[in-house]
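As structure tokens, the structure follows; a few thoughts come after it.
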Amino acid sequence: MTSTWAWLVLLFPLLGSLTIGLTFKTLPDRAAGLIGIGAIVAAFVCGILAVIGLQGEPSESRHIASSLWEYAAVGDFKINLGIYVDPLSLFMVLVVTGVSSLIHIYSFSYMKSDQGYHRFFGYLNFFVFSMLVLVLAGNFIVLIVGWALVGFASYALISYWYRRSTATKAGMKAFVINVIGDIGLYVAAILIFKSIGSVDYGTVFEKAPEVFSTNSWEIVAICLCLLVGAFAKSAQMPFHTWLADAMEGPTPVSSLIHAATMVTAGVYLIARCHTLFELAPTAADVAAFVGLATLLIAGTIAIAVTDLKRIIAYSTMSQIGYMFVGVGIGAYSASMFHLMTHAFFKALLFMAAGSIISAMANMQDIDKMKGFRKAMPFTAVMLIIGSLALSGFPVMSGWFSKDEIIDFAHFRGGMYDWMWVGMLIGAFMTAIYSFRVIFRILPGPACEEAQYLIDKGHVIHGEPLNPATGEHEDTEVGYPGEEHHIAEQAGGMKFAMAVLGLLSIIAGVLQIPGVDDVVTKFLEPTFENSIFAHMEPTTSQAWLGLTEGGIISILGIAAAWLLYIKRPDLPLKFRQRFKAIHTLCVNKWYGDEIIDFLIVNPAKAIGRFCNGVFERGVINGATAGVAGLTRSAGAAVRDLQTGMLRSYAVLMLFGILAIVVYFLIRSI
Amino acid sequence: MDIEWFLILSALLFTIGFIGVLVRRNPVVILLCLELMLSAGALAFISFSRMLGNQDGQVFVLVVLVVAACEVVVGLGLVVAMFRRRLPLDVDEMKELKG
């Protein structure tokens with residue numbers, strides 16, 4: 001029964017996507033939105049029913065593999081189109097479908113005047129389907145299918161406004177980097193099959209401890225290949241550059257795909273394969289260190305850049321960095337918990353940002369935004385709630401989840417103490433950059449757009465400009481509509497944000513140390529064979545960690561207040577004093593340039609070489625050579641054709657004569 | 001009478017025709033010389049037929065005569081066509097097919 005519900009979870013978004021995709025020409029105005037919302041809500045309900053079904057099982061049998069048919073068969077090797085239902089996958093299903101439902105409801109209003117309304121919901125439903133395939137996959141092959149499908153859905157939605165050159169380029173970049181990750185995953189799957197002879201989760205995780213000795217090179221190689229996939233999908237260093245550009249997509253897309261769900265797939269992958277990573281502690285440490293580096297670097301970039309959506313994007317990278325550290329050091333349930341709360345407050349932050357960007361007529365520069373506290377009180381409150389949760393303010397959801405990861409690093413001790421310190425610095429930066437946004441755009445005298453909203457009661461109509469380049473845009477399909485919608489005036493947006501705001505505040509009660517630990521208990525059947533399963537800080541240690549985290553967060557907010565309200569001249573002074581550091585951060589640590597230098601330009605040089613030498617020299621040379629040979633052979637025999645009738649007669653006669661003479665001689 | 005004389009006459013006729021084809025430039029004369037060569041062939045056939053005492057050679061001669069008639073029809077047709085288009089009646093001038 002449980003597996004039936006899980007199959008239905010997959011079915012509804014697929015049906016929704018197909019219905020919208022096949023009938024969009026005949027659909028009435030808002031039907032696509034309603035179908036989209038209906039499909040995802042139905043999937044969410046099925047997800048809840050699946051959880052109820054699974055909880056009815058005894059703890060040790062809470063994993064169900066179910067398959068519909070054979071997906072591929074090569075000799076004895078068979079791959080089933082199978083799903084694997086266990087607490088971890090259902091946890092992801094609930095997060096994905098729950099947040100997706102709210103974001104669909106938000107988009108219903110937000111995208112109202114976009115000409116590609118139906119297309120948007122078709123893509124969005126397709127994304128949710130792909131993501132659910134990814135989390136429910138029962139073997140590595142189906143996982144790869146889902147993994148590649150979300151990459152495509154992400155590409156389609158980043159490039160959704162296809163008249164924008166920056167958007168199409170960002171889509172390509174995201175796609176290419178994600179495909180590199182896919183290759184890592186393919187190689188990992190091949191290596192797993194080679195060593196274990198199966199790709200089914202159940203078999204692989206059962207046999208892995210017998211087949212591999214701890215830290216043997218095979219298992220480390222497999223885990224590193226898995227990590228390539230995880231890093232690329234989750235925008236961790238050095239594959240992080242696509243995420244900031246992905247902000248070219250519509251804001252609900254940033255909210256759903258590039259904050260709440262798809263980018264957390266890497267975390268899910270490591271948590272899913274924790275058995276393998278525990279056999280390869282080196283690879284797990286690599287994951288944790290890369291996560292730490294990403295969270296610190298992304299934090300510094302988020303403090304420096306001024307594009308509202310990109311600030312939140314870097315914050316996403318940074319928070320996913322925390323999750324990577326978490327799964328790297330073995331704090332699985334804490335990471336999954338942080339994944340969930342992060343989905344709530346980051347989706348909320350993006351929604352609030354979308355509302356503000358709408359009010360700014362698509363401008364995204366926080367330097368130009370001022371005084372939105374009065375102009376958009378509801379959005380302002382939601383932005384503050386989201387930022388409080390993000391910076392881990394006490395009793396907000398982010399406080400419980402993030403500090404649980406941080407505390408676990410301290411609990412592991414040794415070299416992980418350095419990670420503990422790094423993550424505390426990261427938490428401090430998180431508070432600064434979240435409240436930098438708040439202090440820059442909410443208080444103060446209203447800017448032109450905000451004042452217009454206060455006076456006239458509706459959103460200003462700006463020139464259709466590309467927020468990234470400032471170029472004029474043509475106003476056909478494939479361009480954000482001229483009408484903009486803000487939460488204050490759209491019920492759907494308001495509802496979605498209110499629900500997420502509430503969840504951002506109270507989701508922490510799920511996991512109060514020593515009180516309930518709902519998430520840990522729910523996920524226990526998945527992680528029970530983990531070597532870290534029963535290693536957890538005592539309640540008092542956990543509360544000590546929470547206190548530290550709370551203090552750091554309050555200090556960070558205070559620092560932001562000092563920098564951006566009390567002494568607004570200080571940031572400028574810092575910028576002048578430490579010009580080099582500021583340039584480094586504003587230019588995103590030159591990540592794009594380094595990748596251009598190391599990979600893109602050499603690849604282009606190889607392309608030019610192939611074009612110049614191989615294509616023109618070898619291939620063109622061969623074809624032109626054959627043609628030239630034929631031509632010169634023709635020229636050689638051409639002189640025989642004189643056109644002189646009498647010379648032909650001579651040739652013919654002597655020719656025949658020669659033949660006759662030959663036969664005469666032979667006959668003698 | 002020995003067969004040699006017939007064959008020598010045939011060879012003589014053939015050579016005359018052949019030289020005529022080579023040295024003359026008027027297409028009508030070339031056609032005449034061709035006929036001479038065909039006749040030389042026919043004479044040789046008849047000679048062998050007489051020597052061997054059967055009629056096979058004579059049958060061949062009849063075929064050769066028919067072919068010769070057809071050939072003359074085509075050749076003279078070409079000559080008439082050249083004449084109508086006021087082309088010079090000179091095979092050396094007609095060499096557009098030079099490669």
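The values are calculated or read from the model by the stated rules, or taken from the named source; none is laboratory data. Keep in mind the model is a prediction, meaning the values are calculated, not measured. As a convention, Cβ positions derive from the backbone with ideal geometry for all residues, glycine included, and neighbour counts pool all protein chains shown.
Going by the structure shown, is residue A:656 within 14 Å of chain B (Cβ to nearest Cβ) and either assigned to a helix (DSSP H, G or I) or of a type in the set (Asp, Glu) (or both)? Full working, then the answer.
On the way: within 14 Å of chain B (Cβ to nearest Cβ): yes; either assigned to a helix (DSSP H, G or I) or of a type in the set (Asp, Glu) (or both): yes.
Answer is yes for this residue.
Return yes when residue A:84 is at pLDDT 85 or above, assigned to a strand (DSSP E or B) and not aliphatic (A, V, I, L, M) and no when it is not.
Numbers: at pLDDT 85 or above: yes; assigned to a strand (DSSP E or B): yes; not aliphatic (A, V, I, L, M): yes.
It is true that residue A:84 is at pLDDT 85 or above, assigned to a strand (DSSP E or B) and not aliphatic (A, V, I, L, M).
Across region A:20-69, what is the number of residues that are closer than 29 Å to residue A:79 by Cα and among the hydroxyl-bearing types (Ser, Thr, Tyr)?
Total satisfying the criteria: 4.
Listed residues A:49, A:10, A:68, A:34; which is in contact (Cβ under 8 Å) with a residue 40 or more places away in the chain, in contact with a Phe, Trp or Tyr (Cβ under 8 Å, 6 or more places away or on another chain), closer than 30 Å to residue A:190 by Cβ and assigned to a helix (DSSP H, G or I)?
On the way: A:49 fails: closer than 30 Å to residue A:190 by Cβ; A:68 fails: assigned to a helix (DSSP H, G or I); A:34 fails: closer than 30 Å to residue A:190 by Cβ.
None of the other options fit; the residue is A:10.
Would you be able to say whether some residue in region A:360-376 is β-branched (Val, Ile, Thr), in a helix (DSSP H, G or I), crowded, with 24+ Cβ neighbours inside 10 Å and in contact (Cβ under 8 Å) with a residue 40 or more places away in the chain?
First, pick out the residues of region A:360-376 that are β-branched (Val, Ile, Thr): A:366.
Narrowing the set further to residues that are in a helix (DSSP H, G or I) leaves A:366.
Adding the requirement that they be crowded, with 24+ Cβ neighbours inside 10 Å leaves none.
No, region A:360-376 contains no residue that is β-branched (Val, Ile, Thr), in a helix (DSSP H, G or I), crowded, with 24+ Cβ neighbours inside 10 Å and in contact (Cβ under 8 Å) with a residue 40 or more places away in the chain.
Output the qualifying pairs, or none if there are none: Cβ atoms under 6 angstrom, residues six or more apart or on different chains, first residue in region A:242-264 and closer than 19 Å to residue A:177 by Cβ, second residue outside any helix (DSSP H, G or I).
A:243/A:235; A:249/A:160; A:263/A:234; A:263/A:235
So that you can scan it fast, the table gives a plain yes or no per residue for (1) touching a Ser or Thr at 6+ places or on another chain (Cβ under 7 Å); (2) not in a helix (DSSP H, G or I); (3) not aliphatic (A, V, I, L, M):
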residue: A:286; (1), (2), (3): no, no, no
residue: A:293; (1), (2), (3): no, no, no
residue: A:310; (1), (2), (3): no, no, yes
residue: A:317; (1), (2), (3): yes, no, no
residue: A:321; (1), (2), (3): yes, no, yes
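Using the structure shown, decide if residue B:52 is within 14 Å of chain A (Cβ to nearest Cβ), of a type in the set (A, V, I, L, M) and on the phi < 0 side of the Ramachandran plot. It would help to see each step written out before you state the result.
Working: within 14 Å of chain A (Cβ to nearest Cβ): no; of a type in the set (A, V, I, L, M): yes; on the phi < 0 side of the Ramachandran plot: yes.
No.
In region A:159-202, which residues are more than 16 Å from the chain's Cα centre (by Cα), in a loop (DSSP other than H, G, I, E, B) and over 22 Å from residue A:230 (Cα atoms)?
A:161, A:162, A:163, A:164, A:197
Out of A:499, A:509, A:515, report the one residue that is in the same structural domain as residue A:274 (by TED's automatic domain parsing), modelled with pLDDT of 85 or more and of a type outside the set (Lys, Arg). Walk me through how you get there before you give the answer.
Working: A:509 fails: modelled with pLDDT of 85 or more; A:515 fails: modelled with pLDDT of 85 or more.
Residue meeting the stated conditions: A:499.
Which of the residues spanning region B:83-99 are away from every other protein chain (no Cβ under 12 Å) and on the phi < 0 side of the Ramachandran plot? Show your work before the answer.
Looking only at region B:83-99, we keep the residues that are away from every other protein chain (no Cβ under 12 Å), and these are B:83-89.
B:83, B:84, B:85, B:87, B:88, B:89, listed by residue number.
If you take the residues of region B:30-40 that are free of Cβ contacts under 8 Å to residues at least 24 places away in the same chain and away from chain A (no Cβ under 12 Å), which of them is surrounded by the fewest Cβ atoms within 10 Å (Cβ to Cβ)? Let's see the steps before the verdict.
Pass one, region B:30-40, residues free of Cβ contacts under 8 Å to residues at least 24 places away in the same chain: B:32-33, B:36.
Cutting the leftovers down to away from chain A (no Cβ under 12 Å) gives us B:32, B:36.
Values: B:32: 16, B:36: 19.
Going through the qualifying residues, I end up with B:32.
If you scan region A:400-419, which residues turn out to be aromatic (Phe, Trp, Tyr) and surrounded by fewer than 24 Cβ atoms within 10 Å (Cβ to Cβ)? Working first, answer last.
So in region A:400-419, the residues aromatic (Phe, Trp, Tyr) come out as A:400, A:408, A:411, A:416, A:418.
Result: A:411, A:416, A:418.
Which residue out of A:355, A:397, A:335, A:401 is under 18 Å from residue A:106 (Cβ atoms), touching a residue at least 24 places away in the same chain (Cβ under 8 Å), in contact with a helix residue (DSSP H, G or I) (Cβ under 9 Å, 6 or more places away or on another chain) and among the hydroxyl-bearing types (Ser, Thr, Tyr)? Before the answer, list the steps.
Numbers: A:397 fails: under 18 Å from residue A:106 (Cβ atoms); A:335 fails: under 18 Å from residue A:106 (Cβ atoms); A:401 fails: under 18 Å from residue A:106 (Cβ atoms).
Only one candidate qualifies: A:355.
Would you check if residue B:57 is in contact with a Ser or Thr (Cβ under 9 Å, 6 or more places away or on another chain), within 14 Å of chain A (Cβ to nearest Cβ) and assigned to a helix (DSSP H, G or I)?
Values: in contact with a Ser or Thr (Cβ under 9 Å, 6 or more places away or on another chain): yes; within 14 Å of chain A (Cβ to nearest Cβ): no; assigned to a helix (DSSP H, G or I): yes.
Considered against the rule, which asks whether it is in contact with a Ser or Thr (Cβ under 9 Å, 6 or more places away or on another chain), within 14 Å of chain A (Cβ to nearest Cβ) and assigned to a helix (DSSP H, G or I), residue B:57 comes out as no.
Please state which one of B:65, B:9, B:78, B:22 is within 12 Å of chain A (Cβ to nearest Cβ), outside any loop (DSSP other than H, G, I, E, B) and over 22 Å from residue A:654 (Cβ atoms).
Step by step, each of B:65, B:9, B:78, B:22 is checked, and only B:78 is within 12 Å of chain A (Cβ to nearest Cβ), outside any loop (DSSP other than H, G, I, E, B) and over 22 Å from residue A:654 (Cβ atoms).
What number goes with the only condition from (1) among the small types (Gly, Ala, Ser); (2) loosely packed, with under 13 Cβ neighbours inside 10 Å; (3) under 32 Å from the mean Cα position of the chain (by Cα) that residue A:542 does not pass?
That leaves (2) as the condition not met.
Of everything in region A:633-644 that's under 16 Å from residue B:92 (Cα atoms) and out of contact with any Asp or Glu (no Cβ under 8 Å at 6 or more places or on another chain), which residue is nearest to the other protein chains (Cβ to nearest Cβ)? Please lay out each step first, then the result.
Step one: list which residues in region A:633-644 are under 16 Å from residue B:92 (Cα atoms), which gives A:640-644.
Filter once more, so that each one left must be out of contact with any Asp or Glu (no Cβ under 8 Å at 6 or more places or on another chain): A:640-642.
Numbers: A:640: 7, A:641: 3, A:642: 6 Å.
Step by step, filter region A:633-644, then rank; the result is A:641.
Does residue A:185 count as modelled with pLDDT under 90 and closer than 29 Å to residue A:274 by Cα? Break it down stepwise before answering.
On the way: modelled with pLDDT under 90: no; closer than 29 Å to residue A:274 by Cα: yes.
When the stated conditions are applied, residue A:185 does not pass them.
Give the residues of region A:394-415 that are out of contact with any Pro (no Cβ under 6 Å at 6 or more places or on another chain) and under 18 Å from residue A:324 (Cβ atoms), sorted by residue number. Quick ask: steps written out before the conclusion?
Narrowing region A:394-415 to residues out of contact with any Pro (no Cβ under 6 Å at 6 or more places or on another chain): A:394-406, A:408-410, A:412-415.
Scanning region A:394-415 gives A:398, A:401, A:402, A:403, A:404, A:405, A:406, A:408, A:409, A:410, A:412, A:415.
Filter region A:246-262 down to the residues that are modelled with pLDDT under 85, assigned to a helix (DSSP H, G or I) and of a type outside the set (A, V, I, L, M) and list them by number.
A:248, A:258
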